[in-house]
Each structure stands twice: as C-alpha cells, then as structure tokens.
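The values are calculated or read from the model by the stated rules, or taken from the named source; none is laboratory data. Fair warning: this is a prediction, and the values are worked out from it, not measured in the lab. Note that each Cβ is placed from the backbone with ideal geometry, even for glycine, and that neighbours are counted across all protein chains shown. SASA here: full protein model, heavy atoms, side chains in, ligands and nucleic acids out. Shrake-Rupley method; radii C 1.70, N 1.55, O 1.52, S 1.80 Å.
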Amino acid sequence: MAGERMTGAEEHILFVDDERNILKAVARLLDDTPYRLLVAANGVEALDLVKNNIVSVVVSDNIMPGMLGVELLARIRTLSPDTIRILLTGQADLHTAIDAINHGEVFRFLLKPWDNHELLAVLREASDRFALVNKLRRSDEATLLSLAQTVELKDAYTRGHCDNVAKYSLMIAEELGLADEVVENIRHGSWLHDIGKIGVPESILNKNGPLTEEEFAVVRHHPRWGADVARQARLHHTVIDIILYHHEKFGGGGYPTGISGEEIPLEARIVGVADVFDALTTDRPYREAYSIEKACGILNDMRGSSLEPRLVEILIGKVGA
C-alpha cells in the first residue's frame, strides 16, 4: 500500500519459524524498516510473546514441531483477536492454508520461499489494518471523518466525496422520516463507505482509463475488506451494512454479493444513490463532471436496474433539477 504507515510505536510484528536461518533472513529484511520484530521458534514461545507484547501482525510457518501454525494462529485469535494473522506455508499444505483462511483464522497466506517485495507489501497491509481497526474502535465523529478523509487522500478525484455522499444521503433519510439514531448511522456509514479502498493501490484508483478485469477485481474487494475492518472494530451493524452493500444493485448483479431489491438494507440503498450522484457530478480521471441536470437524467435511467426508484425520486427532488 502507498501512503504513510499507520503503525503505533509500541506494536510488534511476530515471526514464528523453527528454522533459525529463516528468522535471521527475516531480521535482515526488516532491519531497515519501521517494524519492530519479535521472533519465536515454536508455538509455545509465540504465545508467551503475544501475552506480553502488543503484536499487530503474526507470521507463522505451518509445519513446526509441537504445534502446527494453523493451531497457533487459532489460539492467537482467541488470545489477541485484533492481531492480524498470516500463515507461511509450502505447496504441500496449501489446502490447509486455504481452509484456515475460509474459517477466519488467517488474513493471508504466503508460500515458501517468499518474495521479499510481496512479504513487505503484505506486512504493510496487515499492519495498517491493525491500526485502522483500533482507530475505528475509538469511533468519535472526528476520528471517523478523519479516517474517511485519509482514504480520499489516495485519490485526487474524490476530495470531499465522503462529505458529499453524507449530505445527499441525509437529504433522502430526512425525507423518509427515519429515526435520529438511524440518520446518525447513515452519516457515519456515508463517511466510511469507501474505507476498504485503503487497501486498493493508488495506481488503480488514479488510473486514467478503464480498469482491466484484474484491477477491477481488486476494486470489487473493497466493500468486504472495509466491512471486515468495521466489524472487527465493533461498529454499528448499520454502518457495516452500508460499507458492505453500497455497490449492490436494486435489480441484482452488483457486488460483492449480488443481492437485490429489499434484500439490500435500506441504509445501503440510500448511500448507493448518493454515491452514484456524487460520482456523476465530480471530475473523474476518465471524464469531467456532469451537470446536475445531466446527472439526474442518468439517475433516472438507472431506476429499477441499479437504484431504488423512490430514493432516486427523492434525491432528484432535493437537488432541484
């Protein structure tokens, strides 16, 4: 990930491997980085270090005497739920690694022998995720807005986007007469709806032209990534729903789940309309901003297929077109 690291001064990365030369290689690799490294030769040593230190990320080999890496990471999940867990594995136990990821024990897995650039990139992503979860947990409004604006700094074309989406979303919410608590959660969800883009490379966010299928697959992942972070930070379920579902389509075929109609939570449908309208009326790398009149025409064309018709009607009425 590009941008300034978010890791705190007292946090450590723990590397667990029963081969001393592996631990030495990792120490050399991280010597000129900001990371503070702890090492352990087995699961028992690793658990002791986790109990006595703030460990933001743990990278563990899988095949070790005494305790397999997957077992160690499962125990760390219970002991220190916020610690980001990465499994280092050989081809022979790749199935085990994938199974561990599917059961939520592991954030990523890396194959031996690893690529140094890939390892550093994964460590950075994991470290930033740990920091983001802890910041979100201190979810006063100033912190939430600050984090949303941090995402905007990655993309020169989305400055002010989170505030604009909140403004348009609240126009719709207030017309619907939603309860104050719901309106407040919509405000927070609007600010944070793109928080998962922290994990999307700036080269993709700022690309001047259409994305490749591989690049768009990375972008499509951001709602799940953001929702996972918000869930781990124990934010309100409405905020999580907005982050996860704001790119779903009313007629189906959106992402990440493909649900449709009223299966999509109302709050996410509201933010989805506001998000599209602000995108249309803002300069993008591939086109200039549309006029309000043109944008409202496009919204009308999206009624029923992508956006809920009554919410489109409300917003068009509010923006005065």
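In this calculation the C-beta distance from Lys112 to Leu37 is compared with R0 = 22 Å, giving a FRET efficiency of 0.75.
Computed from label points 7 Å out along Cα-Cβ, the spacing between Glu313 and Lys24 is 7.4 nm.
Accessible area per residue of the chain at 1.4 Å probe, in Å²? The partial results should precede the final answer.
Details: 14860 Å² over 321 residues.
Per-residue value: 46 Å².
Net charge in the neighbourhood of Val229 (other residues with Cβ under 13 Å of its Cβ; Lys, Arg +1, Asp, Glu -1) is +2. Rounded to the nearest 10 degrees, the inclination of helix 116-137 to the longest alpha-carbon principal axis of the chain is 60 degrees. Computing Rg and Dmax of the Cα atoms in Å directly from the structure and comparing it against (1) 20.0, 63; (2) 29.6, 131; (3) 21.7, 69 singles out (3). Take the Cα of Ile292, step 7 Å toward its Cβ, do the same at Ile54, and the gap between the two points is 4.7 nm.
For Glu215 and Asn300, what is the calculated FRET efficiency with R₀ set at 30 Å and r taken between the beta-carbons, to the nearest 0.05? Approximately 0.50, to the nearest 0.05. Between the Cα long axis of helix 266-280 and the first principal axis of the chain there is an angle of about 80°, rounded to the nearest 10.
What part of the accessible area of the chain, given as a whole %, is carbon or sulfur when the probe is 1.4 angstrom?
Details: 7430 of 14860 Å².
Heavy-atom surface of the chain belonging to carbon and sulfur, 1.4 Å probe: 50 percent.
Remark: the Leu176-Asp163 segment gains 2.7 nm on full extension, using 0.36 nm per residue and subtracting the alpha carbon distance. For a paramagnetic label modelled on Arg224 (point 7 Å from Cα along Cα→Cβ), amide N atoms under 19 Å away belong, within the range 60-89, to 84-87. Counting only DSSP beta bridges with both residues in the chain, the antiparallel share comes to about 5 percent. Shape class of the range 186-321 from the Cα gyration tensor (axes a ≥ b ≥ c, square roots of the eigenvalues): oblate, since a/c reaches 1.5 or more and a/b does not exceed b/c.
About its Cα centre, the range 247-321 has a charge dipole of approximately 140 debye under the convention of +1 per Lys or Arg Cβ and -1 per Asp or Glu Cβ, with nothing else charged.
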